[in-house]
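Only one structure is covered here, and it is reproduced in the block below.
The values are calculated or read from the model by the stated rules, or taken from the named source; none is laboratory data. Here the structure is a predicted model, which means the values were calculated and not measured. Cβ placement follows ideal geometry from the backbone for every residue including glycine, while neighbour counts extend to all protein chains displayed.
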Amino acid sequence: MGSLNWSSAITEIGPNTIRLRGYPVEQLMGKVSYADAVYLALMGELPDQETSTIMNAILVSSIDHGTSPPSVLSTLTVASTGAPLGSAVAAGILSISKFHGGAIQDCMTAINQALDRAKSSGTSFEEAALEVFQEYKERKERLSGFGHRLHTKDPRTVRLLSLVAELGRAGDGITMAKAFEAVIAERTGKSLPLNVDGAIAAVLVDVNVPAELANAFFMIARLPGLVAHAHEEIQRQRPMRKIHPTDVTYDGPKLRHLT
């Protein structure tokens, strides 16, 4: 080993050898889902069956949300210039930050703060949520993960929370998120229900994912959607066009259901 030697615990590479967190990749292929492999890469262990189902649901929930999100607009704009696919998608990923996609980590932070408060002081979840809410208000900061510009009852939130409950994995994270939801409604007089970012945040708390990894799940989930939008832009649209975020007509398959 030379003087520049360093260590990594993620992937071991050698002649005819590729091991992700110790597992030969060829043994994982065809046996674990992509969501399982993502969890393994980020967390270091394969998920149990319930966590596997939850991780898969989270990745599916955020795969795309139309043409208006900043990440998609960035991707479309760069693709329209004639840039290669990778550059267009990279532009979209780079636009995922505090106000777009960053709500998951911010919401997890607030939930964890309130949980720590409740456990350390012995107060109820409702009281702890109120205290944290008041602190955010005093700092003139908005609690992320509540309310949506389009959805009043986000179908992704409803499904994710019901799925986690069905699997018996709903815990303190979800309970605290609902306490925040009630406090916000009471103190603001507005109905700002938990949105999908807030639901993902609460679920990630309950499956013990560190908050600093939260936004990675949004980026990984959104990547296929960005690729699809970039490819469609290159194939269907004229170069250097003016792109309106909402004046767009959907002409894909009509409503269909899984059988």
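Couple of notes before you dig in:
- Residue under evaluation SER162, criteria (1) in a helix (DSSP H, G or I); (2) surrounded by 19 or more Cβ atoms within 10 Å (Cβ to Cβ); (3) among the small types (Gly, Ala, Ser), criterion not met: (2)
- Any helices (runs of 4 or more DSSP H) falling wholly within region 6-123 and containing at least 1 residues that are β-branched (Val, Ile, Thr), without any contact (Cβ under 8 Å) to a residue 24 or more places away in the chain and in contact with a strand residue (DSSP E or B) (Cβ under 9 Å, 6 or more places away or on another chain): 25-28
- With respect to the conditions (1) at pLDDT 90 or above; (2) part of a loop (DSSP other than H, G, I, E, B), LYS190 lacks only one, and its number is (1).
Rundown of residues vs (1) at pLDDT below 95; (2) of a type outside the set (A, V, I, L, M, F, W, C); (3) loosely packed, with under 13 Cβ neighbours inside 10 Å, yes/no style:
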site	(1), (2), (3)
ALA221	no, no, no
HIS229	no, yes, no
GLN235	no, yes, yes
PRO253	no, yes, yes
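- Residue list for region 2-14, filter: of a type outside the set (Ser, Thr, Tyr) and surrounded by 10 or more Cβ atoms within 10 Å (Cβ to Cβ): ILE10, GLU12
- From LEU150, LEU143, residue being crowded, with 16+ Cβ neighbours inside 10 Å, at pLDDT below 95 and not in a helix (DSSP H, G or I): LEU143
- Residues in region 15-29 that are surrounded by fewer than 11 Cβ atoms within 10 Å (Cβ to Cβ), under 24 Å from PHE217 (Cβ atoms) and more than 25 Å from the chain's Cα centre (by Cα): there are none.
- When VAL248 is tested against the conditions (1) among the hydrophobic types (A, V, I, L, M, F, W, C); (2) modelled with pLDDT of 95 or more; (3) out of contact with any Phe, Trp or Tyr (no Cβ under 7 Å at 6 or more places or on another chain); (4) closer than 23 Å to GLU126 by Cβ, the lone failure is (4).
- Tallying residues that are of a type in the set (Asp, Glu) and within 10 Å of the chain's Cα centre (by Cα) within region 184-231 yields 1.
- Among the candidates ASP106, ASP116, the residue that is out of contact with any Asp or Glu (no Cβ under 6 Å at 6 or more places or on another chain) and crowded, with 16+ Cβ neighbours inside 10 Å is uniquely ASP106.
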